[in-house]
Amino acid sequence: MACFVVPAAEAIVAVGVLHSRAKKAETIKFSNSETTFENEAKTPFYKKLKWLANLLWGGSFLLAFEHLWHGEIVPYFPFLTAAANPSDATQMLHEMATVGVMMAVAVTVVWLLMVAVSTVIEKQSLKTAKSAKEEI
C-alpha cells in the first residue's frame, strides 16, 4: 500500500547528504589545485552516494507506479486508499514497517556491494598504473 514511502524517505536523506558532501568536495577541489593520478582514479564518495539515491528513487517510482496501477494510490486526498480507513491505516503502517524497511535495506545492501566492487576495481587500476609507471 505505501511501502514505496520508506525508500523514498531514505532517498530524500541521501540526496540531502549528497548535496552537502558535493559542496564540501567542490570546496576542497578548488582549494587544492594539485591533482594526482591517485585522486583522479578514485570515484568521490558523493558520486557513490548519488548511485544510492538513484537506486532508491528508481525503486520508489516503480513501486509507486505499481500501487497506482492497482488503485492503491488515488489523485485526491488522502492519496493512499488505506489512509482513509483507520483499520486499513494500521495495515498500511505495518506494511511500511516490514516490507518498506526491508526493501530500503535490500537496496542499501546492493549499493554497498557496488561500492565495494568499485573500490576493488579502483585499487587494481591504481596498482596497475603504479607498476606501469615504475617500468618506465
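When the test is whether a residue is over 24 Å from Ala14 (Cβ atoms) and touching a helix residue (DSSP H, G or I) at 6+ places or on another chain (Cβ under 9 Å), Gln124 does not pass it. For Glu34, are the conditions met, namely being in a loop (DSSP other than H, G, I, E, B), out of contact with any Phe, Trp or Tyr (no Cβ under 7 Å at 6 or more places or on another chain) and at pLDDT below 95? Spelling it out, Glu34 is indeed in a loop (DSSP other than H, G, I, E, B), out of contact with any Phe, Trp or Tyr (no Cβ under 7 Å at 6 or more places or on another chain) and at pLDDT below 95.
Which residues, counting only those in segment 8-31, are of a type in the set (A, V, I, L, M) and modelled with pLDDT under 90?
Ala22, Ala25, Ile28
Whether any residue in segment 57-71 is open to solvent by less than 40 Å² (accessible area, probe 1.4 Å), without any contact (Cβ under 8 Å) to a residue 40 or more places away in the chain and assigned to a helix (DSSP H, G or I) is what I want to check. Yes, segment 57-71 contains at least one residue that is open to solvent by less than 40 Å² (accessible area, probe 1.4 Å), without any contact (Cβ under 8 Å) to a residue 40 or more places away in the chain and assigned to a helix (DSSP H, G or I). Taken together, Val120, Val107, Val115 contain a single residue that is assigned to a helix (DSSP H, G or I), closer than 16 Å to Pro7 by Cα and open to solvent by less than 90 Å² (accessible area, probe 1.4 Å), which is Val107.
Comparison of Met114, Met96, Met103 shows that the only residue that is touching a residue at least 24 places away in the same chain (Cβ under 8 Å) and either touching a strand residue (DSSP E or B) at 6+ places or on another chain (Cβ under 6 Å) or under 27 Å from Lys42 (Cβ atoms) (or both) is Met114. Residues in segment 123-136 that are open to solvent by 70 Å² or more (accessible area, probe 1.4 Å) and under 23 Å from Pro44 (Cα atoms) were compared, and the one that is nearest to the chain's Cα centre (by Cα) is Lys123.
The values are calculated or read from the model by the stated rules, or taken from the named source; none is laboratory data. Computed from a predicted model, the values in this text were never measured in an experiment. No Cβ is skipped: glycine too gets one built from the backbone with ideal geometry, and neighbour counts run over all protein chains shown. Protein only, heavy atoms only, side chains kept; ligands, DNA and RNA dropped before computing areas. Shrake-Rupley method; radii C 1.70, N 1.55, O 1.52, S 1.80 Å.
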